[in-house]
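The values are calculated or read from the model by the stated rules, or taken from the named source; none is laboratory data. Note that the structure is predicted; figures quoted are calculated from it, not measured. Here Cβ is always computed from backbone atoms with ideal geometry, including for glycine, and neighbour counts include all displayed protein chains. The protein model used for the area step is the full one, side chains on, heavy atoms only, and it has no ligands, DNA or RNA in it. Shrake-Rupley method; radii C 1.70, N 1.55, O 1.52, S 1.80 Å.
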Amino acid sequence: MSTAALDSDKPNGPRSRKGVETRARLLHAAKETFEESGFLDARISDIAKRAGLSHGSFYHYFESKEEIFREVAKGIEDQLSAPLDNVILDHSSAATPHQRIEQAMRLHMATYQREARIMRVIEQVSRYDDHVKAARLEWHRLYSEGVEEAIRQLQRHGLADSDLDPVIAAAVLGSMTSRFPEMWFVEGALDCSFERGVEQLTRVFVNALGLSDDAPGPGANAKARARSRLQL
């Protein structure tokens, strides 16, 4: 990265390396403060103090508590959506669709479980903050589009139920993978081991797609083995 790209210190724009690190420290402090106090009771002074900064320094990087919360929320959503691109839609992977779905569900659930405290706050704020709500809807739209394309490719290869409407199916599956972990890790509505929950979620996801047996054993013929490696 060029030095010029790091030299500007104006709020919300490119800044010095120290400024980038300070901004990251503020985001981390904000996340912890929101987790402890919730959004409404969290104070900018608390965030600044936790980050080791003065109250006034906060405004060099963020205009309001709402703005820093939205950025915290975006960072968490990016982490939750990463398995879609990095696992399910990874064209270089030799794993079967079933294996990729299981790995993606495991990573998604592990992230949600780790970030359950801030996810509780994000879920609450999204119900009354139009900006957060819109950002989450956009995230779900992009997620659904990725799943839609994956379903279409599976259907083209004869691996998924051809009668499924990719748009509707993607919306249903997206709702499942967002609401299920909220019930499990935030609301405590489910009592089961992590491994059992991931295994059952994967099974429901795979069954919903009508995914055929795409993992032949060692005795399968070459054509079947090649079919099991079809890229999504």
Report the FRET efficiency, 1/(1 + (r/R0)^6), for His55 and Gln99, where r is their Cβ-Cβ distance and R0 is 45 Å, rounded to 0.05. 0.35
Computed lengthening from Glu187 to Glu199, 0.36 nm per intervening residue step minus Cα-Cα distance: 2.3 nm
Once a ≥ b ≥ c are taken as the square roots of the eigenvalues of the Cα gyration tensor of segment 89-176, is the result rounded (a/c under 1.5), prolate (a/b larger than b/c) or oblate (a/b not larger than b/c)? oblate
Given a cut-off of under 8 Å on Cα pairs at least six residues apart, what relative contact order in percent is computed for segment 49-160? 26 percent
Hits in segment 51-67: amide N under 18 Å from the 7 Å Cα→Cβ extension of Ser45, namely 51-60, 64-66
When every protein chain stays in place and a 1.4 Å probe is rolled, Tyr112, Tyr128 sorted by accessible area with the largest first are Tyr128, Tyr112
What number comes out for accessible area per residue over segment 31-174 if the probe is 1.4 Å? Units Å², please. 50 Å²
